[in-house]
1. Give the residue that is farthest from the chain's Cα centre (by Cα), with candidates limited to residues of the range 85-104 that are charged (D, E, K, R) and either open to solvent by 90 Å² or more (accessible area, probe 1.4 Å) or more than 19 Å from Gly168 (Cβ to Cβ) (or both).
2. Please specify each residue of the range 105-114 satisfying the condition of being closer than 19 Å to Glu141 by Cβ and either open to solvent by less than 30 Å² (accessible area, probe 1.4 Å) or in contact (Cβ under 8 Å) with a residue 40 or more places away in the chain (or both).
3. Considering only residues that are free of Cβ contacts under 8 Å to residues at least 40 places away in the same chain and open to solvent by 10 Å² or more (accessible area, probe 1.4 Å), look in the range 132-141 and name the one that is farthest from Trp187 (Cα to Cα).
4. Could you please find all residues in the range 211-224 being over 26 Å from Trp266 (Cα atoms) and not aliphatic (A, V, I, L, M)?
5. So which of Ser221, Ser227, Ser202 is touching a His at 6+ places or on another chain (Cβ under 8 Å) and among the polar types (S, T, N, Q)?
6. Run down Asp156, Asp186 and say which single residue is at pLDDT 95 or above and out of contact with any helix residue (DSSP H, G or I) (no Cβ under 8 Å at 6 or more places or on another chain).
7. If I go through the range 255-268 residue by residue, how many of them are of a type outside the set (Gly, Ala, Ser), surrounded by 15 or more Cβ atoms within 10 Å (Cβ to Cβ) and part of a helix (DSSP H, G or I)?
Amino acid sequence: MQKITSRDNQKIKFARRVRDRSEKGFLFVEGVRLAEEFLKSGLKIFDCFFTEDFLESERNRNLFGQISAKTENIFEIPERLFNSLSDTKNSQGIILTGERPRTGREKIDLSSPAFQKFPFPVLLHEVNNPNNLGAVLRTAEAVGAPGVITTRGSADAFSPKALRAAMGAGFRLALWTDARFEEVLDWARENGLSTICADINSEKMLWDIDWEKPRLLVFGSEARGVSKTERKLIDEGLIIPMNESVESLNLAVSCAVVLYEAKRNWRR
């Protein structure tokens, strides 16, 4: 264990760059719960920063012991310095820098037990709110989706905000990030997945869809959904019924509604 007191320390500078995503291949993990989930993931821990008060609880001491077994780069820093590094307003006194999970097309394994059990991967197209993205990851894991795909222009699934919203789901879910929209649709059709998206101009209600066949569930950006050109490339649309006084649902809520309706009707 070492003590750092200077903002200009190279370890602190590096951690800031990781936080700000200017260092590729690294994660900024903050908070007790996320640190615990990161440990469970088996991903490599590089550095650990904590405040003196962090070790006051038994839970935190146990976590600290597990981290100490994974890395020798452990640094106690004063609260004022920790607050300058933190990405949250009310920090819990621990920050890790660690290995970023690998993502890619090959991660969405169509032969996996998860896909056989519930063959409804999710495509998020240009979803730029990290809180929404993280919430979708959390819901996708909860419902048993076999993976989530994000296109270029989407928020980073491993940004500090997205990680917190996902509550560790990003460490466990199969992810394909930075994909091209048309590439994903081609991949879906090559693998027997029809494509469907929420579309206010559709004639089919959510419950009128045939959920007995595998599908790629497509969700567009918070601001505009999918464009008219993109909609033409998608096989089918659906409407989520709402009262007339409501213009739209939050993206993460819409995704949850569709996923659980698919889950309810999938009988295999």
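1. Kept after step one, since they are charged (D, E, K, R), are these residues of the range 85-104: 87, 89, 99-100, 102.
In the following step, the residues that additionally are either open to solvent by 90 Å² or more (accessible area, probe 1.4 Å) or more than 19 Å from Gly168 (Cβ to Cβ) (or both) were identified as 89, 102.
Details: Lys89: 21, Arg102: 13 Å.
Only one residue tops the list, namely Lys89.
2. Taking the range 105-114 first, the residues closer than 19 Å to Glu141 by Cβ are 107-110, 112-114.
Scanning the range 105-114 gives Lys107, Ile108, Asp109, Leu110, Ser112, Ala114.
3. Arg138
4. First, pick out the residues of the range 211-224 that are over 26 Å from Trp266 (Cα atoms): 221-224.
Scanning the range 211-224 gives Ser221, Glu222, Arg224.
5. Working: Ser227 fails: touching a His at 6+ places or on another chain (Cβ under 8 Å); Ser202 fails: touching a His at 6+ places or on another chain (Cβ under 8 Å).
It is Ser221.
6. Values: Asp156 fails: out of contact with any helix residue (DSSP H, G or I) (no Cβ under 8 Å at 6 or more places or on another chain).
Asp186 is the lone residue from the list that is at pLDDT 95 or above and out of contact with any helix residue (DSSP H, G or I) (no Cβ under 8 Å at 6 or more places or on another chain).
7. Looking only at the range 255-268, we keep the residues that are of a type outside the set (Gly, Ala, Ser), and these are 255, 257-261, 263-268.
Then keep just the ones that are surrounded by 15 or more Cβ atoms within 10 Å (Cβ to Cβ); that gives 255, 257-259, 261, 263, 266.
Among the residues that remain, those that are also part of a helix (DSSP H, G or I) are: 255, 257-259, 261, 263.
So the answer is 6.
The values are calculated or read from the model by the stated rules, or taken from the named source; none is laboratory data. On a predicted model such as this, the values are computed, not experimentally measured, just so you know. All Cβ positions, even for glycine, are placed from backbone atoms using ideal geometry, and neighbour counts span all protein chains on display. All accessible areas refer to the heavy atoms of the entire protein, side chains included, with ligands and DNA or RNA removed. Shrake-Rupley method; radii C 1.70, N 1.55, O 1.52, S 1.80 Å.
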